[in-house]
Amino acid sequence: MVRLMKMALCESMGSGGWRCRAGGLGGAVGLMLLGFIFIQSVHPGAACSAALAPKNFTPPQYQATAKENPGVGFLAALVQSFLNTVQPNPFPQDLILKIVDQSKQTESQDIIKEALVYQVGFLVCVAIGVLYIILMPIVGFILACCRCCGNCGGKMYQKQTSSIHCRRRTLYIFAFSTTIIIFAGNICMFRSNDALKASVDQSPGEINNILGNIHTFLTAVPQQVDYVVNESNKTVQEVVRNLDAIGPQLGAEIQQRFKGPLDIALHSVRLLDGETVNTSVELGKLNSSLNHLQSSMDRLHGNVTAVRNQINQTLSDPNCIGCADLRPQLDKLTLDTSVSVPSVNEFQTAVDEVIKTDLKAKISQVEEYFQSIPERVTNDTQDIVQNSKKSLGDVLEQISQVSSEIHLSALDDVSVTLNEVQREIDKFLPTIKMAEHTRWGVCVALCCVVLLVVVCNLLGLLFGPLGLRSKADPTKRSCTADCGGTFLLMGAGFCFLFSWLFMIAVLLLFLLGGNVYTLVCRPWNNGQLLKFIDIPGLIPGLEIGPSLGLKTSINISDIYRDCEKNHPLWTTLHLYELVDLEELLNISKYTEQIQQQFEDTDITLSSLTLLSPEVQNQLRNISSKLDKLDTAAVTEQMNNISRIDLNTTANKLVTLAGYQADNEIKNQLHDEAMKLRQIQDEIDTVIIPQLENLNSSIRSLQSTAEKINGTVGEVLSNVGAAQDFLNTNTTQIVKTESRKFLDCQLDYFTVYADWANLTITQQVGRCEPVARAVDSAEVVLCTNMVEALNAFWFSLGWCMIFFIPSIIFSIKLAKHYRKMKYSDAKESHIGMNHIPRARMK
């Protein structure tokens, strides 16, 4: 661009080469001056830095969620399959609504009938359990009475048949299998009891973690919103700092815009200043050499003139023989001793005038001017800075309304309620622990009683075969076998004694755990419970939409589903219906006001003349004087001087002296020849070195002059281009840079508004912890506690059911091990009806 400006300037000034060179020199001056200023005053990073989005907030740390107790699920599938068979009906939503809703005036009999129909599976199981409870003690009482009457155990003798051993083994296998099944159920009782105790012991801590996580979430949401609002303070403070530093920042940018077109001029002016000083030094050397040479030449001229006059007198003597022939040679002894450089004084004067202008002082003036630009900007923008700060305060106040518009106070109320619940749990925790310890002890007692039955059966099954001899008479069986039979009867007796009581516990726990599973856990797991809670009016005060002032209602199930996907509260609670976030974060009305104020502000920079017309004329004068400087003439003069040869004339005088008869004339000629040789020696030893010194000064001056001639043209050209650039673009540059500075400040708010919008709508209140809390509550209540409870009553009921075959097989098998009073008398051929009845010992 600088080259194009130079060409245009040269064309406008005509075809004179010196004018074009002068214009180039003038442009270079301006570029050099301003470039030097920028090197000193423009600092990296002084400009408005690009706006960066604030950092996202750190998500809160939550406690570990409740995990499934590994000791619980061993019977879960079996128990759930049994309960699903007992209660295959879906969740009784309509029935519960009829019970809850008192306004429909539904007859209680119809409700009871519908409830009984729904619970028909449980009623059948209860009927079976009641029948068991009633019949088991009755049958036990009858057996006890029979034993008291001597009939317990059948006939008083055991008939020995061929199949008795097979029958005993069959009964043994069935009794053993039944005992193993009861023992497996008993193991499940112990295990489920321990699992229930572990679940209950862990549940307070897990519930506290659940409530703590929800409390952390509810506390974090306002903090996250406050974080977004507080970031607006940082944004405003950053813009305020930039406005306070508008002078250095905007002024530096304005200076930077001038830096590019003025760098070349800076280089040219500095080069011209150095070359001007060097030229002045070379001119001084040249003048000194000329003065010394002229002095020597004047002395030489005098000596030559004196010798020539003497020679002329000698040659005019009549006694001089052949002297007339030497007169033409005498005429050649006339020397031109004037040595001068044409126009050197005029060129010296032009150079001295440029030096007197003091280009360094011009540089200092321009430096001061451009260094004052930041101060000028600061002074001219004082009012707009103050008004902008006021507008920024309004922006800050508008953004701060986000917290109040979102209605976060409801979250605080929920948090307070959770704290109260947690305190109540902590209050009743000792009672819960005591009750759980009592329950565990009772259940351990139940398990031990069942284990006692198992032990009796196993001892009977162990001692009976050990003491039995297959060929021994039943009346002569060993005490070991008899003891085995006794243990079997003890096991049957314990079954009759405790089973009906245990069945009562089974029924109560079955009704409790089974209904909790079918009415709470199963619908909770498949989502029906949340849909049921969503029914309008079912739970007063649970209408989330109207409580938040929303136009649409929000379902609990929808909230849970969104929270499972970790959606933010903005979309989960439909807060976009409540808060016009675009309007709250819309600061265009303030930014437009600030923009208008900037446009109305006039930052004035006074006009700057890089080089006055007088200085430019002086530079042009250097070029014109340099063109008139003719070094060829002085070179010719030096060549003429260097060609002087007095020895030739001296030799001729000596030759002429040889022809003279008159000794006086002869001596005079020799003397004059010697003087000429002395003068020639002086020329060779003094004049010639001075000529060489002068020639060196002339060559150095020529070299410097050639440089300064081109530099002057560049300076004038570049100064002219730079001056035109300043005159035509200064105002536009100021407006453009002011606009850029303003846009940079407004970009802070644009970036912040986009970040705040994105953060509030996509980051604030990601509610996965709420869904995890709900899932943890299900794990604590259903997966751990209810499943453990159901496993216990299922195991206990399992044992109670198999008590019946155990009683039968134990009593039947005991007869094969007990010692009989009477043996089977096959040899006596006595009729059976004549044998008296006997009871076993």
What about THR178, is it polar (S, T, N, Q), open to solvent by less than 50 Å² (accessible area, probe 1.4 Å), farther than 22 Å from GLN63 by Cα and modelled with pLDDT of 85 or more?
-> yes
Using the structure shown, decide if GLN732 is in a helix (DSSP H, G or I), modelled with pLDDT of 75 or more and not small (Gly, Ala, Ser).
-> yes
Any pair with Cβ under 7 angstrom, 6 or more apart, that starts in segment 748-769 at a residue that is closer than 19 Å to THR235 by Cα and at pLDDT 85 or above and ends at one that is in a helix (DSSP H, G or I) and of a type in the set (Phe, Trp, Tyr) = ILE760/TRP570
The condition of being of a type outside the set (Asp, Glu), under 30 Å from LEU218 (Cα atoms), open to solvent by less than 80 Å² (accessible area, probe 1.4 Å) and modelled with pLDDT of 80 or more holds, among ASN457, ASN419, only for ASN419
Which residues, taken from segment 298-348, are surrounded by 12 or more Cβ atoms within 10 Å (Cβ to Cβ), of a type in the set (Ser, Thr, Tyr) and modelled with pLDDT of 70 or more?
-> THR305, THR314
Could we say that CYS443 is in contact with an Asp or Glu (Cβ under 8 Å, 6 or more places away or on another chain) and surrounded by 18 or more Cβ atoms within 10 Å (Cβ to Cβ) here?
-> no
Does ASP724 count as open to solvent by 10 Å² or more (accessible area, probe 1.4 Å), more than 27 Å from GLN237 (Cβ to Cβ), at pLDDT below 80 and among the charged types (D, E, K, R)?
-> yes
The condition from (1) aliphatic (A, V, I, L, M); (2) closer than 30 Å to LEU746 by Cβ; (3) at pLDDT 80 or above that ILE533 misses is numbered (2)
Within segment 682-697, the residues that are touching a Ser or Thr at 6+ places or on another chain (Cβ under 7 Å) and open to solvent by 60 Å² or more (accessible area, probe 1.4 Å) are ASN693
Kindly provide the set of residues from segment 230-250 that are open to solvent by 20 Å² or more (accessible area, probe 1.4 Å) and either touching a Cys at 6+ places or on another chain (Cβ under 8 Å) or not small (Gly, Ala, Ser) (or both), ordered by number.
-> ASN230, ASN233, LYS234, GLN237, GLU238, VAL240, ARG241, ASP244, PRO248, GLN249
From the list GLN732, GLN745, GLN762, which one is among the polar types (S, T, N, Q) and open to solvent by less than 50 Å² (accessible area, probe 1.4 Å)?
-> GLN745
From (1) farther than 30 Å from THR750 by Cα; (2) free of Cβ contacts under 8 Å to residues at least 24 places away in the same chain, pick out the condition that doesn't hold for ALA64.
-> (2)
May I ask you to list pairs of residues, at least six apart or on different chains, whose Cβ atoms are under 9 Å apart, with the first in segment 201-216 being touching a residue at least 12 places away in the same chain (Cβ under 8 Å) and the second being crowded, with 16+ Cβ neighbours inside 10 Å and acidic (Asp, Glu)?
-> ASP201/GLU436
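A quick yes/no check of all residues on (1) open to solvent by less than 50 Å² (accessible area, probe 1.4 Å); (2) in a loop (DSSP other than H, G, I, E, B); (3) modelled with pLDDT of 50 or more; (4) among the polar types (S, T, N, Q):
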{"residue": "LEU25", "(1), (2), (3), (4)": "yes, no, no, no"}
{"residue": "GLN40", "(1), (2), (3), (4)": "no, no, no, yes"}
{"residue": "LEU97", "(1), (2), (3), (4)": "yes, no, yes, no"}
{"residue": "ILE111", "(1), (2), (3), (4)": "yes, no, yes, no"}
Determine, yes or no, whether GLU768 is open to solvent by less than 40 Å² (accessible area, probe 1.4 Å) and charged (D, E, K, R).
-> no
Kindly indicate whether ILE432 is open to solvent by 70 Å² or more (accessible area, probe 1.4 Å), touching a residue at least 24 places away in the same chain (Cβ under 8 Å) and part of a helix (DSSP H, G or I).
-> yes
Confirm whether ASN718 is within 29 Å of CYS521 (Cβ to Cβ) and either buried (at least 22 other Cβ atoms within 10 Å of the Cβ) or among the hydroxyl-bearing types (Ser, Thr, Tyr) (or both).
-> no
Inspect segment 183-206 for any residue being at pLDDT below 90 and open to solvent by 40 Å² or more (accessible area, probe 1.4 Å) and give the result as yes or no.
-> yes
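The values are calculated or read from the model by the stated rules, or taken from the named source; none is laboratory data. Only a predicted model underlies this, so the values are computations on that prediction, with no experimental measurement involved. Neighbour counts are summed over all protein chains in view; Cβ atoms, including those assigned to glycine, are modelled from backbone coordinates with ideal geometry. Heads up: the accessible areas ignore ligands, DNA and RNA and are worked out on the full protein's heavy atoms, side chains in. Shrake-Rupley method; radii C 1.70, N 1.55, O 1.52, S 1.80 Å.
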